[in-house]
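The values are calculated or read from the model by the stated rules, or taken from the named source; none is laboratory data. The structure presented is a predicted model; accordingly, all values stated were derived computationally and were not measured. Heads up, the Cβs are rebuilt from the backbone with ideal geometry, glycines too, and the neighbour counts pull from every protein chain shown.
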Amino acid sequence: MTTDPTEPTRPTGPAEAAGPTGPSGPTGPADASRPADPTRPTAPADPTGPAGTTRPTAPARPGDAEAAPRPGGTRSWLRDHSELGVCVLLFALGVLVLTDAFTMSVDIAQRGPVGPRTVPFVIGGLFLLIAVLLAADVLRGGRGEAEGGEDVDLDAPADWRTVLLLTGVFLGAAVLIGPLGFPIAGALLFWGSAYALGSRHHGRDPLIAAGLSLFTYFVFDNLLGVPLPGGPLMGVL
């Protein structure tokens, strides 16, 4: 197609320069004076407001944070207060010791104010007191501090020699306490335990073991009124 040089060029108006308007075409300046078509969908409102500014949100109510469920629930609370398990164990031990002390049958004559039930009563009461105090401290937010790790070789084998020696010493004392009595069997028990745990003072350990055995026998037999077998030393002691 050729252009006739004799035909004057027609000037282009603003509406024609902007291009056609329609549902799919761009909208030119000529559309600014047209009324809005109610049938055409409009773009959703920008939640951020004009010029990219963020609209203020409503302040949170004080009760919203409390009403929100805590992550973990009861399991998380028990994990944070795991020391309560120790309190329950101590309380159960205290109840067991006191129950055993109350039901203890004392057939022997009590000598003085201290009897066979005195020590169980004291120990059971201490168990209950410590359990209550520890539980109160845990519920108030007290937490135990972790101790530093000891220099322990986890790859080292178990010391079965020491375990077997201690087992043999305890079994031997249980067998010999009847014919030899508590003073001699107790001395062998203390001495054998010290030897199994690594003590090699052969002149000092037997004397200390004999002293501990005689002291224990005297406290139980004479002060607490709990008779222990004396064996050959019954007439002497």
Among residues belonging to the range 175-201 that are more than 19 Å from residue 220 (Cα to Cα) and small (Gly, Ala, Ser), point out the one that is surrounded by the fewest Cβ atoms within 10 Å (Cβ to Cβ). 198
Go over the candidates 70, 55, 75 one by one and state the one that is modelled with pLDDT under 80, exposed (fewer than 13 other Cβ atoms within 10 Å of the Cβ) and in a helix (DSSP H, G or I). 75
Look through the range 216-231, keep the residues that are more than 22 Å from residue 179 (Cβ to Cβ) and among the hydrophobic types (A, V, I, L, M, F, W, C), and return whichever of them is farthest from the chain's Cα centre (by Cα). 223
When you scan the range 158-174, how many residues do you find that are over 21 Å from residue 186 (Cβ atoms) and surrounded by 12 or more Cβ atoms within 10 Å (Cβ to Cβ)? 0
Look at the range 179-202 and say how many of its residues are over 43 Å from the mean Cα position of the chain (by Cα) and in a loop (DSSP other than H, G, I, E, B). 1
Looking at residue 163, is it of a type outside the set (Gly, Ala, Ser) and modelled with pLDDT of 85 or more? yes
Could you check, for the range 203-215, whether at least one of its residues is at pLDDT 90 or above and outside any helix (DSSP H, G or I)? yes
Might you check whether a residue that is in contact (Cβ under 8 Å) with a residue 60 or more places away in the chain, within 24 Å of residue 104 (Cα to Cα) and not assigned by TED's automatic domain parsing to the domain that holds residue 120 occurs anywhere in the range 211-223? yes
Result of the Cβ filter at 8 Å on the range 178-199, keeping first residues that are touching a residue at least 24 places away in the same chain (Cβ under 8 Å) and partners that are among the acidic types (Asp, Glu) and surrounded by fewer than 21 Cβ atoms within 10 Å (Cβ to Cβ), at least 6 apart or interchain, is 195/205
